[in-house]
Every structure is written in structure tokens, then in C-alpha cells.
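Read-outs throughout are calculated quantities, based only on the coordinates presented, and are distinct from any laboratory measurement. The model shown is predicted, which means the values in this text are computed figures rather than measured ones. All Cβ positions, even for glycine, are placed from backbone atoms using ideal geometry, and neighbour counts span all protein chains on display.
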Amino acid sequence: MKTELVQILAHELFTPITTIQGTAATLSVAGGRLSSEEMRELAGGVERAAGRLRRLVANIGAVVSLEREATLPTQAVPLRSIVDAALGEFAAIEEGTIETQVPDDLLAAEVLAYPALASRALALVMENALDFRSGAPVEVQAAGDEDQITLEVSDRGPGIPADQRDRIFELFTQVEWTSNRSHEGLGIGLFLAKRIMQAHGGRLDLRDREGGGSTFVLAFPRVGAPLRRA
């Protein structure tokens, strides 16, 4: 499984690399004749491609880590560091595309997590929501109790058909639509995000968003949660 995933992710690296190479070729041939607006557009494309490249490399690292350790060594981590690290992966996208509405008290609260992979799971879910947001902002919210803290990532897309909900977290699964709409990716992101959350002793769930769309819920164990007797 690890070898197959790494090979597929490595193949996906060619898309952003091709974008960067194409931009470099354009600049070398016609750079002196481009307007400021055209230069900004090219620079934005390179920045987005570089972000995609970083995320793909991080996915390869996540696969290797999960193969090495089925249960991740967790530590106390402020929720803020997980959220900030995930948001940092999308710095190149248009402002307002992701709206974060997490109270300061929850951002300061600590969860049990493996920091690098916790933010990777959140980024994967956010990336999926961006693909299906239908032009509306992706919303990131949080809730908490004495046992756990949840991060909720919502889009206002068409939602997940009932007959595909059981398969959405399976490897190489993408939602099939009656329209001709297509999306990037090979159906790895949600599978990998769920594996990461399970290795944390947490979970990743799906529910309908009120008003349309989908909400993915990442639940992390809270530091200091009371022990439960069997």
C-alpha cells in the first residue's frame, strides 16, 4: 500500500512542476514584453503551483510516517498551532476563500496530537472543501467539551450523495456527479486524513452542512480529559 501511494503521489508532482517550468519558459522568451498585470498573474500561478508541490511532498511524508508507526506518538499541542500551520499551506489563495471562526479560548486549548501530521490532516480536509466550495468561502469552526476538541470544515457545494457516503473515505474514491464537473486529485486526500486522525486516537466524520454542502469534523482528544472506566 505504501509503495503504491508514494508512486501515485510522486506522479502528481508533475502537474505543479510543469506549471513552474512553463512559466519559466514564458519569462525567458517574452518576459520583457509582458505587462505588470501579466507578470502578477504568472507569479500567482507559480506561487499556487509551489504550494501544491509542498502539499504533495508533505503527503508523501505522511504516508511514510503512518507506515512506520500505526499509532502516532502524541504530545500536548495548542489547537492554534495546528490551525495556523494548515492555513499557512494556502497562503497563495485569494483572501476570503477560507473563513476561520474559532474562539480564542479553543485556539489556546491543548489537544493530544502529532503536530506535523495533525496540521496535514486539517489541510487535506480544507483542500477537499476548496475543490467543492461552489464559489463560496470554506468555513473553519471549532467546538469542544471536556473530552475532545473538534475542528469543523464546511463547504457550500452540492454535498455527498447518500449512496456514496460509506465510500468517501476509501482509497481512490471520488464523488461521482451527474454533471460533467470534474476535480483534481485521485481520491487520496480524505483517505489519508482519516488514517492520520485514527492514528491520533481521534476521528474524522462527515455530516451535512445546514443550508447545503458538507461538513467534515476532525476530533482530537483534549489534554486533561478524564479517564473513562470500561
Along segment 203-214, what does the Karplus equation 6.51 cos²θ - 1.76 cosθ + 1.60 (θ = phi - 60°) give for ³J(HN,Hα), rounded to whole Hz, x for Gly and Pro? 7, 10, 10, 10, 8, 5, 8, 4, x, x, x, 10
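How would you rank 24-37, 210-223, highest first, on the average number of other Cβ atoms within 10 Å across their residues?
Values: 24-37: 10.1, 210-223: 18.9.
Final packing ranking: 210-223, 24-37.
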Cut-off under 5 Å, modelled amide H: who pairs with R209 long-range: S214, T215
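Give me the net charge for the shell around L34: Cβ to Cβ below 10 angstrom, other residues only, Lys and Arg +1, Asp and Glu -1. Don't skip to the answer; put the middle values down first.
Working: positive: R33, R40; negative: E37, E38, E41.
Surrounding charge for L34 is -1.
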Kirkwood Rh over alpha-carbon pairs of segment 75-221, then Stokes-Einstein at 37 °C and 0.692 mPa s: what D in µm² s⁻¹, rounded to an integer? 213
Loop-resident sites, segment 63-109, for GluC sites (Glu not before Pro), counting at most 13 other Cβ within 10 Å (DSSP): E69, E94, E95
